Every structure is written in C-alpha cells, then in structure tokens.
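The block underneath contains the structure these notes are about, expressed in structure tokens.
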Amino acid sequence: MTAASPAAAADGGDTQATPPDVPPGRRFEPDLRSMTRINLRPIASPMPLGFFTIAIASVMTGCLQLGLFDEAARAAVAFTVLPAFVLQLLVSFLAFGARDVIAATLMAVFAGSWLPYSLVMLSGAADGLQVLGVFNLALLCFGALMTAVTRPKRALWFVLAVSLPRWAATGLAGITGAEWLTRTSGALGLVVALVAMYTAFALMLEDMRSEQVLPIGRSGPAHLAVEGDLAVQLRNLERQAGVRRTL
C-alpha cells in the first residue's frame, strides 16, 4: 500500500502524475479544452426592427424639415420619434447578445441620436437647433469611421452611406440656419427611409425563408456567416468577447 502525495491529497485523492517538466511546488493544471463546453443561444435577428425604426423616424423628421408640418408640430413629431430611442436600444442590446459588435454599436448610436432630438424639440431649449447641428456633425465623424469597417455588411454600409450626407446637411443647417440646407436634409431623410425600409424588408424575407431573396450585397466574413457551414460559425469562437477572459 502506497501513501498519496500531498498534492494528490489536496486534490481530493487525484493520483494524476505531475509531468516532469513542471517545477516543484507549482500546481499542475491539465488541458481543459476537452472538458470545456460553450453554449450558444440562438435568437431572432433584431436588425429588421432596427432598420424599420430608422425608416419611420427618418420619415417623420424629414417631413418636418421639408415643411410638410407646421412649426407648431415640432412637439408632436418629437413624441413620435421618441419611441425610436427605446426600440433601437433594444436592438442594440440583442445585437450585443448575438456577438455582433458592429451592428450593436451602430444601433446604439442611432438610438442615442433620437433621444436628444426628441428632448430638444419637446423642451424648446434656447439655441437647441445649433446644439443639434454640432451633434449631427459629431455623428458625421462617427459614421465616417464606421463606414470603414462595415463594408462587408452592405446592409449597414448602405444605410450609413446615405445617412452621412444627411448628418452633414442637418449639422450645417443647425449652425448656419440656412433654409435650403434644412430642406436638403429633409429630402435626404426620405432617402434614408427608403434604403432602411428596403434593407429591413430584405432581411426579414431572408430570415423567414432561410435564404437570400432580395440582394443585400454581403461579402467577406458577412457572406460566410450566412452561406458557410457550422464549422465556419464556430471558428475562433474561444477568442470572442464573452468567451475569452477579458474584453
């Protein structure tokens, strides 16, 4: 009968031999890969909701800028746009859960753009349009950076591409007070709504039929994510946020 080593006794009687290359006194940790399980929770895509929300809110703000509503209707428009903040924040939360940081970040920023617009319009704060002008120019800088990383995701890229000139026109209109820039921003808002509406409809059809029906133009990793097999989806999963130890 042999006595168990102190290390084995500390491990509850585990008699696994320590490899000879492990320094004395250091705890030996076996390879845990064979014992590790990563559970994935499939969810419905929140992106159609996000794009439909962009479309509806853009129609309301665009009509106000085009003069289709009286100035007295600003508060009513703000009330109709305010729910867009909640809906797109929900979309962003679900996109983070689906490990899509680009879509989640974009939808969160869109959500953050509707909230200050609604609050400024409702409160009638002094110099509110000028402040919103600077805010839209900041969104323009953000969008320009995002277009550099969203090209494989053509659905997001197209919505960003048409949003950039609108943010520019809205920002300059708020700062300068030029009426023609306000009208231009309103017309661009309707263009954003059309592109977002098409993208939302195309994504919804694709999700329902499990195949692409209307062209979206995915490429690179975004194309492989839809057309590739399960092995492609699980590639480098251990290095993704939420799985690795630190962000």
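Look at segment 39-58: where a residue is among the hydrophobic types (A, V, I, L, M, F, W, C) and a partner is outside any helix (DSSP H, G or I) and at pLDDT below 90, sitting 6+ places away or on another chain with Cβ atoms under 7 Å, you get Ile43/Ala98. Looking across segment 96-114 at every residue that is not in a helix (DSSP H, G or I) and not hydrophobic (A, V, I, L, M, F, W, C), the one that is farthest from Ala57 (Cα to Cα) is identified as Arg99. When each of Phe69, Phe93 is tested for being modelled with pLDDT under 95, assigned to a helix (DSSP H, G or I) and not charged (D, E, K, R), the lone residue that passes is Phe93. Between Leu140, Leu132, Leu87, the distinction of being assigned to a helix (DSSP H, G or I), open to solvent by less than 40 Å² (accessible area, probe 1.4 Å) and either closer than 26 Å to Ala200 by Cα or at pLDDT 90 or above (or both) belongs to Leu132 only. Between Ala222, Ala193, the distinction of being among the small types (Gly, Ala, Ser) and at pLDDT below 65 belongs to Ala222 only. Screening Ser123 against (1) on the phi < 0 side of the Ramachandran plot; (2) touching a residue at least 24 places away in the same chain (Cβ under 8 Å) leaves a single unmet condition, (2).
Scan segment 64-84 for residues that are crowded, with 16+ Cβ neighbours inside 10 Å and touching a residue at least 60 places away in the same chain (Cβ under 8 Å) and the total you get is 3.
Regarding Leu156, is this residue over 16 Å from the mean Cα position of the chain (by Cα), buried (at least 17 other Cβ atoms within 10 Å of the Cβ), assigned to a helix (DSSP H, G or I) and of a type outside the set (S, T, N, Q)? Here the answer is no, as Leu156 does not meet what is asked. Going through (1) open to solvent by 40 Å² or more (accessible area, probe 1.4 Å); (2) modelled with pLDDT of 90 or more; (3) not basic (Lys, Arg) one by one, Phe110 falls short only on (1).
The values are calculated or read from the model by the stated rules, or taken from the named source; none is laboratory data. These numbers come from a predicted model, not from an experiment. FYI the Cβ positions are ideal-geometry reconstructions off the backbone, even for glycines, and counts take in every protein chain you see. Calculation scope for accessible area: heavy atoms of the full protein, side chains included, ligands and nucleic acids excluded. Shrake-Rupley method; radii C 1.70, N 1.55, O 1.52, S 1.80 Å.
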